[in-house]
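One structure below.
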Amino acid sequence: MIKKAVICVSLFLLVQALISLAAADITRNLFYYPEDYEGKTLVFKEAKIGGPIVKHSRTGVYCLHVEINGKYIPGALYKNQLNFVAVSPELADKLTTRLNRNLKYHKPRHELNLMDRLYSVGACSVRLTAKIQKRFGYWMAIVSKVEFCGKEGTKKDTIK
């Protein structure tokens, strides 16, 4: 009986590890080869968002600081990777208000540490919906919906 339990637990852990590796590989491919996902709307289930939202002066998009599967994407536009942005001023304003509200309960620090990750204090756990497009010579994940998550992944509120 104990052997069966050990085997079942081992198989379960193996399956979970394989799923995690597959998700990380897809994310890595998306960040560095976004052209393979052009025109697709994707949902990033376990993401974090934080930091100031800044309007890019040349393109007019609002750059977002995002972390997905441990990969930090800075709130600036880079031509050699996928960038997370909001194009709607209304969405950017709502996100800024929501992020500022979250800071009331945390120390107001949004700096990055040397590990190239979004600093966790003040960052919000979210589920992002974004469409992959190339605009102004940059690959962008244009965010259309942000679902803020509480503990255990429960949905708290949604911004569209």
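For the reader, a short list of remarks on this structure follows.
- Of the residues making up segment 96-105, at least one is buried (at least 17 other Cβ atoms within 10 Å of the Cβ) and either under 21 Å from residue 46 (Cβ atoms) or at pLDDT 90 or above (or both).
- Hits in segment 64-95 (condition: surrounded by fewer than 17 Cβ atoms within 10 Å (Cβ to Cβ) and touching a Cys at 6+ places or on another chain (Cβ under 9 Å)): 76
- Condition check for residue 129: loosely packed, with under 15 Cβ neighbours inside 10 Å, part of a strand (DSSP E or B) and either modelled with pLDDT under 95 or not aromatic (Phe, Trp, Tyr) (or both): no
- Number of residues in segment 57-88 that are free of Cβ contacts under 8 Å to residues at least 40 places away in the same chain, at negative phi and small (Gly, Ala, Ser): the value is 4.
- Across segment 32-63, the number of residues qualifying as of a type in the set (Ser, Thr, Tyr), surrounded by 15 or more Cβ atoms within 10 Å (Cβ to Cβ) and farther than 12 Å from residue 85 by Cβ comes to 1.
- Residue in segment 145-157 that is assigned to a strand (DSSP E or B), loosely packed, with under 13 Cβ neighbours inside 10 Å and modelled with pLDDT under 90 present: yes
- Verdict on residue 122 being surrounded by 13 or more Cβ atoms within 10 Å (Cβ to Cβ) and either of a type in the set (Gly, Ala, Ser) or at pLDDT below 85 (or both): yes
- Considering only residues in segment 130-160 that are of a type in the set (Asp, Glu) and in contact (Cβ under 8 Å) with a residue 12 or more places away in the chain, the one that is farthest from residue 30 (Cα to Cα) turns out to be 157.
The values are calculated or read from the model by the stated rules, or taken from the named source; none is laboratory data. The structure displayed is predicted, hence computed values, not measured ones. Methodologically, a virtual Cβ is constructed for each residue, glycine included, from the backbone with ideal geometry; neighbour enumeration extends over all protein chains shown.
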